[in-house]
Amino acid sequence: MFGTAAAVLLPPALHRLAARHPGVRVASREVDVDQAYAEVLAGRVDLALGLDYPDAPLDRDGAVELVRLRSERFALAVPAGRAPRAADRRPVSLAAAHDWILPAAGSYYGRAIRNACRRAGCEPRVVHEVTDTATSLAMVGAGLGVAPLTGLMLRLRSEGIVAVPLRETVERHVVVAVGSAARDRPSVAALIAALRAGAEGEAGATAEGRPGIRGRAARRPGAVPDEGNVTRRSSDRRVGCG
């Protein structure tokens, strides 16, 4: 598991699993999210919670299956003191002037956001390179820059930040990587079902009014929309995002 999953998705899933299948025991270990797939591939764990990005997809191997739990669209976390009023909170482009707080370029996440910026015609100006999500959002709240934001991320920290919708569509998928040999084991299947139910519940709760970025909340003024249009650009020349 990775940090956000450990904080938000895993506890309710394990409670649900214990209520329905009290004989199943689960041991977990936190690893870097980019290492999760490799842990399954190496046979060190039966399954792993991970992330997959359309703009930087995970390497695929026939011995490991990816089960998608939910998809999230990114918004932009901006300091609350610099955010436009809700009534004026129109989608902004990745190509606008931003000081970015991003993970390293070699990570899947860091590569995905940089690739999305390049699709929008610019190179992101990264002023702080940070891996931990809660830390990056704390830095946004302190006025040190902007960072990508999803509904699950917002569960880790919301103080001092505002979610502004992005004009471009940038997404990530929360997935379970599971070894093909373990996929049909009853205990593994039960845990995947519990994780899926929890992820779907989180998505529904976000839509019903938690600070979030999908579902019904997206149709309120100032919320992030479900759909968006990729920004057109007049040329392929990349410019700095700032």
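Restricted to helices (runs of 4 or more DSSP H) entirely inside segment 96-187, those with at least 1 residues that are free of Cβ contacts under 8 Å to residues at least 24 places away in the same chain and in contact with a Lys or Arg (Cβ under 9 Å, 6 or more places away or on another chain) are 133-141. The single residue among ASP34, ASP46 that is in contact with a Phe, Trp or Tyr (Cβ under 8 Å, 6 or more places away or on another chain), at negative phi, in contact (Cβ under 8 Å) with a residue 12 or more places away in the chain and not small (Gly, Ala, Ser) turns out to be ASP34.
Residues in segment 42-83 that are among the charged types (D, E, K, R), under 14 Å from the mean Cα position of the chain (by Cα) and open to solvent by 50 Å² or more (accessible area, probe 1.4 Å): 1 in all.
Screening segment 80-92 for residues that are closer than 20 Å to SER136 by Cα and of a type in the set (Gly, Ala, Ser) and picking the one that is modelled with the highest pLDDT gives ALA80. Looking across LEU195, LEU149, one residue alone is touching a strand residue (DSSP E or B) at 6+ places or on another chain (Cβ under 9 Å), surrounded by 15 or more Cβ atoms within 10 Å (Cβ to Cβ) and over 23 Å from ALA48 (Cβ atoms). It is LEU149.
For every residue, the table says whether it meets (1) within 18 Å of the chain's Cα centre (by Cα); (2) aliphatic (A, V, I, L, M); (3) at positive phi.
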| position | (1), (2), (3) |
| --- | --- |
| ARG125 | no, no, no |
| GLU159 | no, no, no |
| VAL174 | yes, yes, no |
| ALA182 | no, yes, no |
| ALA194 | no, yes, no |
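Of the set (1) touching a residue at least 24 places away in the same chain (Cβ under 8 Å); (2) open to solvent by less than 70 Å² (accessible area, probe 1.4 Å), all apply to ARG29 but (2).
Restricting attention to segment 101-121, the residues being in contact with a Gly (Cβ under 6 Å, 6 or more places away or on another chain) and crowded, with 23+ Cβ neighbours inside 10 Å number 2.
The values are calculated or read from the model by the stated rules, or taken from the named source; none is laboratory data. Just so you know, these numbers come straight off a predicted model, no measurement behind them. Here the Cβ is made from the backbone with ideal geometry for all residues, glycine too, and neighbour counts use every protein chain on show. These area figures cover heavy atoms from the full protein model, side chains too; ligands, DNA and RNA do not enter into them. Shrake-Rupley method; radii C 1.70, N 1.55, O 1.52, S 1.80 Å.
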